[in-house]
1. Does residue 8 satisfy being assigned by TED's automatic domain parsing to the domain that holds residue 166, farther than 19 Å from residue 151 by Cα and either crowded, with 21+ Cβ neighbours inside 10 Å or in contact with a helix residue (DSSP H, G or I) (Cβ under 7 Å, 6 or more places away or on another chain) (or both)?
2. Do you know which residues across segment 72-105 are aliphatic (A, V, I, L, M) and either in contact with a Lys or Arg (Cβ under 9 Å, 6 or more places away or on another chain) or closer than 22 Å to residue 43 by Cα (or both)?
3. Those residues that are in contact with a helix residue (DSSP H, G or I) (Cβ under 9 Å, 6 or more places away or on another chain) and among the acidic types (Asp, Glu), I need them from segment 245-288; list them, please.
4. Before we move on, is residue 31 at pLDDT 95 or above and of a type in the set (Asp, Glu)?
5. Identify, from the list 85, 101, the residue that is closer than 22 Å to residue 349 by Cα, of a type in the set (Phe, Trp, Tyr) and in contact (Cβ under 8 Å) with a residue 60 or more places away in the chain.
6. Against the condition polar (S, T, N, Q), surrounded by fewer than 24 Cβ atoms within 10 Å (Cβ to Cβ), in contact (Cβ under 8 Å) with a residue 40 or more places away in the chain and out of contact with any strand residue (DSSP E or B) (no Cβ under 9 Å at 6 or more places or on another chain), how does residue 327 come out, does it pass?
7. Being over 20 Å from residue 152 (Cα atoms), part of a helix (DSSP H, G or I) and not hydrophobic (A, V, I, L, M, F, W, C) is the filter here; which residues of segment 322-340 pass it?
8. So which residues in segment 235-274 are out of contact with any strand residue (DSSP E or B) (no Cβ under 8 Å at 6 or more places or on another chain) and closer than 17 Å to residue 306 by Cβ?
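The values are calculated or read from the model by the stated rules, or taken from the named source; none is laboratory data. Quick caveat: nothing in here was measured; it's all calculated off a predicted structure. Using ideal geometry, Cβ is built from the backbone for each residue, glycine included, and neighbour counts are taken over all protein chains shown.
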Amino acid sequence: EEKYCEVLDNLGTYSREPFKKAFSIVQRYLECFSRYYEVGLEIGDRLRDFKPSRMVYLGIGGSAIVGDFISKIVQDIPIRIHRDYTVLKLNPDDLIVAVSYSGDTAEIFPTILDNLHINRRMVVITSGGTLRRLAEKKNFPIVMLEQGIPPRYAFPHTFGAVTGLLKSLNIKFEDLMQNLDMAKTVQDLVSPETPMSRNLAKRSASKIIDLLPIVYGYGKAAPIAYRLKCQLNENSKLFSHFCELPEALHNDVEVFDEKTILLAPRLSNEPKEINEVYRLLSSFLEERFIELKVQAGSIIEEILSLLILVDYISLYAAVLRNVDPLSLLVIPRLKDQNRIYPEILKCVDEKLEEW
């Protein structure tokens, strides 16, 4: 850790691009949660007489992970998350939330096009593209996301909008807006200004960059663990692996060796059985076990705070590896070479012309 302390505690590091922009985006996360929560409330007012029997969340990659969180905090109605080209059959009383930052995510369109005659209760979350044009043609409510940021950094915007929407529709979950004070405290504790000696995000990043980070999560913490894995992939350009507990105990742990390190985002309401699992893992791995916990008064507080923590870990790892936490290389290349994408988008364009 000591050799990395000089880099991470040097505030000049964060005045250089691309780190300056990346950290400035993450530092605005809570502001974006709040602002888009209000947008979601306003959108929900347009649907206030609608009582959905199910919510179907269409998205993939960074756009889909919000659905994972929503499915963990909402008990009132079933949540179905669809990350696929295949057509999902919708019902007339489903609430559809279609999310694509670019507006050109091909995977979401087959289900949308195939179900327009059945279901018109759709809310679109995007920054533009084909999805925006479709929504405008069909007069669907649109949440316009902030432009000019990588899609994965639009998580707080999307999460805020969806929770505001559900709140407006009287779908029960813990109120987001009552739970930002503790998250602000956590943000201060993991920000660049806080030295490594008191900064869990900096210390965690310094421990993982020379090893293979494995991330485990249980229950409501599982999406946080998956988010950390994805952010290490995309922001830090680190190979990382994710598995849910207790499943990991029956396969994953067999390949632990001196090159692996475990990160464990944890919530305070875990059952005693999972507490025992983490005790065993900590004892077994010793210095290669990193517990990620925060103090909070509610589950929502913990989720928001842990989200901030894990994103900062990925950014500090990017700094130490001297890689760009904003740009991607392989994902866009594969997308450009995927012949299915233009076929699907061409089909949507033809439908838009017909309408």
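1. No: the conditions fail for residue 8.
2. Selection gives 73, 74, 77, 79, 81, 88, 90, 95, 96, 97, 98, 99.
3. 258, 270, 287 - these are the residues of segment 245-288 that are in contact with a helix residue (DSSP H, G or I) (Cβ under 9 Å, 6 or more places away or on another chain) and among the acidic types (Asp, Glu).
4. Judged against the criteria, residue 31 is not a match.
5. The conditions single out 85.
6. yes
7. Across segment 322-340, the qualifying residue is only 337.
8. 235, 267, 268, 269, 270, 274
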